[in-house]
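The values are calculated or read from the model by the stated rules, or taken from the named source; none is laboratory data. All of these numbers come straight from a predicted model, not from anything done at the bench. For neighbour counting, all protein chains shown are included, and Cβ atoms are generated from backbone atoms with ideal geometry for every residue, glycine included.
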Amino acid sequence: MSASLKKFIQEIAGKKAPGPSTSFTVFHIFYALELLSQKPLGRNTLAKKLNVGDGAVRTIISRLRSAKLIEASKEGCSLTKKGLETWHQFEQVFPKRIEIPASELSRSEFNFAFLVKNSGNKVKPGIDQRDAAIIAGAKKAIIAVFKDSHLRIESVSDCIEKLYPKAAAQILKELAPEDNDVIIIAGADTALRAKRGAFAASWSLLGA
(Lines give C-alpha, C1' and ligand atoms only; values in the text may rest on other atoms or scores of the structure.)
Protein backbone atom coordinates (compact mmCIF):
# COMPACT_ATOMS: atom_id res chain seq x y z
CA MET A 1 0.00 0.00 0.00
CA SER A 2 2.75 2.47 0.94
CA ALA A 3 4.47 2.16 -2.45
CA SER A 4 1.24 2.85 -4.37
CA LEU A 5 0.40 5.75 -2.04
CA LYS A 6 3.85 7.22 -2.63
CA LYS A 7 3.52 6.98 -6.40
CA PHE A 8 0.03 8.52 -6.35
CA ILE A 9 1.05 11.50 -4.20
CA GLN A 10 4.26 12.09 -6.16
CA GLU A 11 2.23 12.20 -9.37
CA ILE A 12 0.00 14.91 -7.86
CA ALA A 13 2.97 16.94 -6.64
CA GLY A 14 5.14 16.39 -9.73
CA LYS A 15 5.64 19.02 -12.40
CA LYS A 16 3.01 19.02 -15.09
CA ALA A 17 4.58 20.06 -18.41
CA PRO A 18 4.41 22.54 -20.00
CA GLY A 19 4.58 25.32 -17.44
CA PRO A 20 6.84 26.69 -14.74
CA SER A 21 8.26 24.46 -12.04
CA THR A 22 6.16 24.27 -8.91
CA SER A 23 7.05 26.00 -5.65
CA PHE A 24 5.63 23.25 -3.48
CA THR A 25 6.56 19.66 -2.66
CA VAL A 26 5.03 16.34 -1.69
CA PHE A 27 5.03 17.66 1.89
CA HIS A 28 2.54 20.39 0.97
CA ILE A 29 0.19 17.80 -0.55
CA PHE A 30 0.46 15.68 2.62
CA TYR A 31 -0.01 18.68 4.93
CA ALA A 32 -2.97 19.99 2.93
CA LEU A 33 -4.69 16.61 3.27
CA GLU A 34 -3.92 16.55 7.00
CA LEU A 35 -5.35 20.03 7.53
CA LEU A 36 -8.44 19.36 5.42
CA SER A 37 -9.08 16.08 7.26
CA GLN A 38 -9.74 18.20 10.36
CA LYS A 39 -12.09 20.81 8.87
CA PRO A 40 -12.84 22.67 5.62
CA LEU A 41 -10.49 25.57 4.91
CA GLY A 42 -10.60 28.51 2.54
CA ARG A 43 -7.80 29.15 0.07
CA ASN A 44 -6.22 32.01 2.02
CA THR A 45 -6.17 30.08 5.29
CA LEU A 46 -4.71 27.03 3.56
CA ALA A 47 -1.98 29.16 1.93
CA LYS A 48 -1.06 30.68 5.29
CA LYS A 49 -0.85 27.33 7.07
CA LEU A 50 1.16 25.77 4.24
CA ASN A 51 3.35 28.89 4.03
CA VAL A 52 2.97 29.16 0.25
CA GLY A 53 1.94 31.97 -2.08
CA ASP A 54 -1.38 32.46 -3.83
CA GLY A 55 -0.20 30.90 -7.08
CA ALA A 56 1.13 27.79 -5.35
CA VAL A 57 -2.00 27.23 -3.28
CA ARG A 58 -4.17 27.62 -6.39
CA THR A 59 -2.10 24.90 -8.09
CA ILE A 60 -2.23 22.64 -5.03
CA ILE A 61 -6.02 22.98 -4.88
CA SER A 62 -6.29 22.42 -8.63
CA ARG A 63 -4.17 19.26 -8.46
CA LEU A 64 -6.12 17.89 -5.49
CA ARG A 65 -9.42 18.58 -7.23
CA SER A 66 -8.19 16.93 -10.44
CA ALA A 67 -7.24 13.87 -8.38
CA LYS A 68 -10.76 13.96 -6.87
CA LEU A 69 -9.34 14.27 -3.35
CA ILE A 70 -11.04 17.55 -2.45
CA GLU A 71 -14.15 19.52 -3.32
CA ALA A 72 -14.94 23.19 -2.88
CA SER A 73 -18.02 24.74 -1.26
CA LYS A 74 -18.88 28.02 0.42
CA GLU A 75 -17.28 26.64 3.63
CA GLY A 76 -14.01 26.15 1.74
CA CYS A 77 -12.14 23.06 0.54
CA SER A 78 -12.90 19.70 2.13
CA LEU A 79 -11.90 16.10 1.52
CA THR A 80 -14.00 13.87 -0.71
CA LYS A 81 -14.57 10.22 0.10
CA LYS A 82 -11.48 9.40 -1.98
CA GLY A 83 -9.58 12.13 -0.15
CA LEU A 84 -10.50 10.64 3.21
CA GLU A 85 -9.49 7.18 2.05
CA THR A 86 -6.12 8.56 0.89
CA TRP A 87 -5.63 10.36 4.19
CA HIS A 88 -6.42 7.15 6.09
CA GLN A 89 -3.63 5.45 4.14
CA PHE A 90 -1.26 8.13 5.42
CA GLU A 91 -2.50 7.57 8.96
CA GLN A 92 -1.78 3.86 8.68
CA VAL A 93 1.88 4.42 7.83
CA PHE A 94 2.37 7.63 9.89
CA PRO A 95 -0.12 7.10 12.75
CA LYS A 96 1.49 9.57 15.14
CA ARG A 97 2.89 12.99 14.25
CA ILE A 98 3.61 15.33 17.13
CA GLU A 99 5.64 18.36 18.09
CA ILE A 100 7.86 17.53 21.05
CA PRO A 101 9.85 19.75 23.41
CA ALA A 102 13.63 20.00 23.27
CA SER A 103 15.48 17.22 25.10
CA GLU A 104 18.99 15.89 25.52
CA LEU A 105 18.43 13.99 22.26
CA SER A 106 17.29 16.97 20.20
CA ARG A 107 18.06 20.43 21.53
CA SER A 108 16.63 22.42 18.62
CA GLU A 109 14.13 25.17 19.31
CA PHE A 110 11.45 23.23 17.45
CA ASN A 111 11.29 19.43 17.23
CA PHE A 112 8.78 17.27 15.40
CA ALA A 113 8.43 13.48 15.58
CA PHE A 114 6.87 10.99 13.17
CA LEU A 115 6.13 7.35 13.95
CA VAL A 116 6.61 5.22 10.82
CA LYS A 117 4.99 1.80 11.11
CA ASN A 118 6.88 -1.42 10.50
CA SER A 119 9.81 0.12 8.62
CA GLY A 120 12.78 -0.56 10.89
CA ASN A 121 14.21 -3.08 8.44
CA LYS A 122 14.47 -0.28 5.84
CA VAL A 123 16.74 1.84 8.04
CA LYS A 124 20.38 1.03 7.38
CA PRO A 125 22.73 3.60 8.89
CA GLY A 126 19.90 6.17 8.64
CA ILE A 127 22.02 8.51 6.50
CA ASP A 128 19.44 8.69 3.70
CA GLN A 129 16.73 9.72 6.15
CA ARG A 130 18.94 12.34 7.81
CA ASP A 131 19.90 13.76 4.41
CA ALA A 132 16.24 13.96 3.37
CA ALA A 133 15.39 15.87 6.56
CA ILE A 134 18.25 18.34 6.14
CA ILE A 135 17.40 19.01 2.48
CA ALA A 136 13.80 19.70 3.58
CA GLY A 137 14.95 22.39 6.03
CA ALA A 138 15.74 20.60 9.29
CA LYS A 139 18.97 21.32 11.14
CA LYS A 140 19.27 17.78 12.45
CA ALA A 141 17.40 14.49 12.45
CA ILE A 142 17.40 11.45 14.70
CA ILE A 143 16.41 8.07 13.30
CA ALA A 144 15.51 5.51 15.97
CA VAL A 145 14.25 1.96 15.51
CA PHE A 146 12.20 0.18 18.18
CA LYS A 147 13.46 -3.39 18.37
CA ASP A 148 13.39 -6.00 21.14
CA SER A 149 11.62 -3.51 23.42
CA HIS A 150 14.39 -0.91 23.10
CA LEU A 151 15.00 2.27 21.12
CA ARG A 152 18.09 1.91 18.96
CA ILE A 153 20.02 4.55 17.06
CA GLU A 154 22.65 3.24 14.67
CA SER A 155 26.23 4.02 15.79
CA VAL A 156 24.92 5.59 19.02
CA SER A 157 23.36 2.88 21.18
CA ASP A 158 21.25 -0.29 21.13
CA CYS A 159 19.41 1.03 24.17
CA ILE A 160 18.77 4.77 24.10
CA GLU A 161 16.89 4.45 27.40
CA LYS A 162 20.23 4.00 29.19
CA LEU A 163 21.94 6.98 27.56
CA TYR A 164 19.02 9.41 27.48
CA PRO A 165 16.43 8.11 29.96
CA LYS A 166 14.30 11.26 30.13
CA ALA A 167 14.09 11.76 26.35
CA ALA A 168 13.50 8.05 25.73
CA ALA A 169 10.70 7.92 28.30
CA GLN A 170 9.02 10.89 26.64
CA ILE A 171 9.30 9.32 23.17
CA LEU A 172 7.98 5.95 24.32
CA LYS A 173 5.06 7.55 26.14
CA GLU A 174 4.02 9.92 23.37
CA LEU A 175 4.59 7.67 20.34
CA ALA A 176 4.10 4.16 21.78
CA PRO A 177 6.14 2.33 19.11
CA GLU A 178 5.84 -1.40 18.44
CA ASP A 179 8.53 -3.76 17.21
CA ASN A 180 10.14 -2.66 13.91
CA ASP A 181 8.57 0.82 14.05
CA VAL A 182 10.75 3.84 13.26
CA ILE A 183 10.71 7.13 15.15
CA ILE A 184 12.06 10.14 13.31
CA ILE A 185 12.69 13.40 15.13
CA ALA A 186 13.68 16.48 13.16
CA GLY A 187 14.87 19.69 14.77
CA ALA A 188 14.74 23.11 13.10
CA ASP A 189 14.43 26.83 13.77
CA THR A 190 10.70 26.89 12.91
CA ALA A 191 7.90 24.45 13.68
CA LEU A 192 7.02 24.07 9.98
CA ARG A 193 10.62 23.25 8.98
CA ALA A 194 10.85 20.68 11.77
CA LYS A 195 7.64 19.02 10.59
CA ARG A 196 8.74 19.18 6.96
CA GLY A 197 12.07 17.60 7.83
CA ALA A 198 10.44 14.79 9.82
CA PHE A 199 8.01 14.15 6.98
CA ALA A 200 10.77 14.08 4.34
CA ALA A 201 12.78 11.53 6.31
CA SER A 202 9.68 9.41 6.92
CA TRP A 203 8.62 9.68 3.28
CA SER A 204 11.99 8.30 2.17
CA LEU A 205 11.11 5.03 3.91
CA LEU A 206 7.84 4.49 2.02
CA GLY A 207 8.20 1.93 -0.71
CA ALA A 208 11.95 1.72 -0.05
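Annotations
- Filtered residue count, the stretch 191-207, keeping only those that are surrounded by fewer than 21 Cβ atoms within 10 Å (Cβ to Cβ), in a helix (DSSP H, G or I) and either under 10 Å from the mean Cα position of the chain (by Cα) or small (Gly, Ala, Ser) (or both): 1
- Listed conditions (1) in contact with a strand residue (DSSP E or B) (Cβ under 9 Å, 6 or more places away or on another chain); (2) within 18 Å of Lys117 (Cα to Cα) are all met by Ile160, apart from (2).
- Remark: Phe112 matches the filter, which requires a residue to be aromatic (Phe, Trp, Tyr) and surrounded by 24 or more Cβ atoms within 10 Å (Cβ to Cβ).
- Of the numbered criteria (1) more than 21 Å from Ser202 (Cα to Cα); (2) assigned to a helix (DSSP H, G or I); (3) among the hydroxyl-bearing types (Ser, Thr, Tyr), the one Thr86 fails is (1).
- Residue in the stretch 117-139 that is in a strand (DSSP E or B), at negative phi and modelled with pLDDT of 95 or more present: no
- In the stretch 140-178, the residues that are in contact (Cβ under 8 Å) with a residue 40 or more places away in the chain, part of a helix (DSSP H, G or I) and of a type in the set (D, E, K, R): Lys166, Glu174
- Within the stretch 134-187, the residues that satisfy the criterion of being farther than 16 Å from Phe94 by Cβ and touching a Phe, Trp or Tyr at 6+ places or on another chain (Cβ under 8 Å) are Arg152, Asp179, Gly187.
- Per-region count, the stretch 51-70, residues within 19 Å of Leu84 (Cα to Cα) and either hydrophobic (A, V, I, L, M, F, W, C) or surrounded by 17 or more Cβ atoms within 10 Å (Cβ to Cβ) (or both): 7
- Index of the failed condition, Ile184 passing every other in (1) modelled with pLDDT under 95; (2) under 25 Å from Asn121 (Cβ atoms): (1)
- Condition met for Ala141 (buried (at least 16 other Cβ atoms within 10 Å of the Cβ), within 21 Å of Arg107 (Cβ to Cβ) and in the same structural domain as Ser108 (by TED's automatic domain parsing)): yes
- Residues in the stretch 42-68 that are of a type in the set (A, V, I, L, M, F, W, C), assigned to a helix (DSSP H, G or I) and closer than 18 Å to Gln10 by Cα: 6 in all.
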